[in-house]
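Have a look at the structure below before the remarks.
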Amino acid sequence: MATPDQPEMSVEALQQKVVDTLEDMKGVDLRVLDVRGMTTVTDVMVVVSGNSGRHVRALAGELVKQLKDAGVQPLGVEGEEQGEWVLVDLADVVVHVMRPQVREFYNIEKLWSVADEARGSGDSSAPSS
């Protein structure tokens with residue numbers, strides 16, 4: 001989703017922008033999951049925790065701001081009001097910003113790593129940095 005005067009960002013560049021922004025905002029336990037071949041919804045999922053509802057909202061809010069400044073318009077942002085789990089849909093990259101308790105309960109990394117192991121590619125939940 002690029003602006004007319006700015007070329008579309010590659011999946012890798014978008015992923016790196018997301019990771020850099022979340023790391024700068026002190027996101028906790030950031031994981032990048034390559035889900036290509038497991039779903040047609042997206043290529044990459046990024047999962048990160050915030051220390052509180054306020055931190056979750058701040059992580060997601062700053063991410064959206066930085067992406068818009070870079071010419072990337074999110075397709076959607078869900079869950080900002082509650083601050084328990086905010087999903088930022090960037091098409092090729094989907095970002096889940098969660099409180100630790102919510103992340104532990106839903107265990108997204110395990111769901112996708114099981115699918116990845118069934119596919120035969122090993123552990124996709126290794127840290128990105």
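The values are calculated or read from the model by the stated rules, or taken from the named source; none is laboratory data. Remember, predicted model here, so these are calculated numbers, not experimental data. Glycine gets a Cβ as well: all are built from the backbone with ideal geometry, and neighbour counts include every protein chain shown.
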- Message: I need a count of the residues in region 83-117 that are closer than 22 Å to residue 64 by Cβ and modelled with pLDDT of 90 or more.
- Response: 21
- Query: Going through region 16-41 one residue at a time, which ones are β-branched (Val, Ile, Thr), more than 15 Å from residue 111 (Cα to Cα) and either surrounded by 18 or more Cβ atoms within 10 Å (Cβ to Cβ) or under 10 Å from the mean Cα position of the chain (by Cα) (or both)?
  - Reply: 18, 19, 21
- From the list 48, 56, which residue is among the β-branched types (Val, Ile, Thr), in a strand (DSSP E or B), within 14 Å of the chain's Cα centre (by Cα) and under 12 Å from residue 97 (Cα atoms)? 48
- Query: What are the residues in region 80-96 that are assigned to a loop (DSSP other than H, G, I, E, B) and either among the basic types (Lys, Arg) or touching a residue at least 12 places away in the same chain (Cβ under 8 Å) (or both), if any?
  - Reply: 80, 82, 83, 84, 90, 91, 92
- Item | Matching entry among 62, 78 (being surrounded by fewer than 18 Cβ atoms within 10 Å (Cβ to Cβ) and in contact with a strand residue (DSSP E or B) (Cβ under 8 Å, 6 or more places away or on another chain)) | 78
- Taking region 90-105 as the search range and keeping residues that are exposed (fewer than 15 other Cβ atoms within 10 Å of the Cβ) and within 18 Å of residue 57 (Cβ to Cβ), which one is farthest from the chain's Cα centre (by Cα)? 101
- Note on the structure: Reported set for region 33-74 where residues are among the charged types (D, E, K, R) and in contact with a Gly (Cβ under 7 Å, 6 or more places away or on another chain) is 54, 57
- Query: Can you name every residue in region 18-61 that is among the charged types (D, E, K, R) and touching a helix residue (DSSP H, G or I) at 6+ places or on another chain (Cβ under 7 Å)?
  - Reply: 31, 43
